[in-house]
Amino acid sequence: MFSATVRTSFLRLPRQPIAATQQVYRFSTTFTFREATQEPLPYFVYRSKTNNLPVYEEAKSGGTQLQTRIRKVEGNIEALRQALIENLRLQPERVWINSLTKHVLVKGHMKQRVEKFLREQKF
């Protein structure tokens, strides 16, 4: 009744360890590195697993309160807030920081403007 054949599709070969001299790079067609001559920024915005910028639009209070959320920020979050205010010409009370989650929130749906700013900063 039972077959004694072994299905080879379920067998896994052991992974080869990467030699110390080899380096593994992950490349993307949309990601560009900051030039070494540029001064490093005091903040960094990590990309998502799908290589997208972590900028999201939200609607609260039944759709009457619109906001844009920037996630995955490391470093000086206040410097990112000030850079957004200066470059997007926003009023300071329209941009705030949730210190518990380390998210930057912008009043209104401004995903395209924020993503354009982050791409110009080479994130």
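Just so it is clear, none of the values below were taken in a lab; they were calculated from the coordinates. Please read all numbers here as calculations on a predicted model, not as lab measurements. Here the Cβ is made from the backbone with ideal geometry for all residues, glycine too, and neighbour counts use every protein chain on show.
Roughly how big is region 42-123's charge dipole about its Cα centre, with Cβ charges of +1 (Lys, Arg) and -1 (Asp, Glu), in debye to the nearest 20? Numbers along the way, then the final one.
Details: 16 positive and 8 negative charges, 47 e Å.
The dipole of region 42-123 has a size of about 220 debye.
Just want the answer: with Cβ charges of +1 for Lys and Arg and -1 for Asp and Glu, which residue in Asn52, Ile70, Val114 is farthest toward the dipole's positive end in region 42-123?
Asn52
Given H placed 1.01 Å from N in the peptide plane, which residues other than close sequence neighbours of Leu88 have an amide H under 5 Å from its amide H?
none
Taking the Cβ-Cβ separation of Phe44 and Arg94 as r and a Förster radius of 22 Å, what is the calculated FRET efficiency to the nearest 0.05? Walk me through the numbers before you get to the answer.
Details: r = 23 Å, r/R0 = 1.05.
Computed FRET efficiency for Phe44 and Arg94: 0.45.
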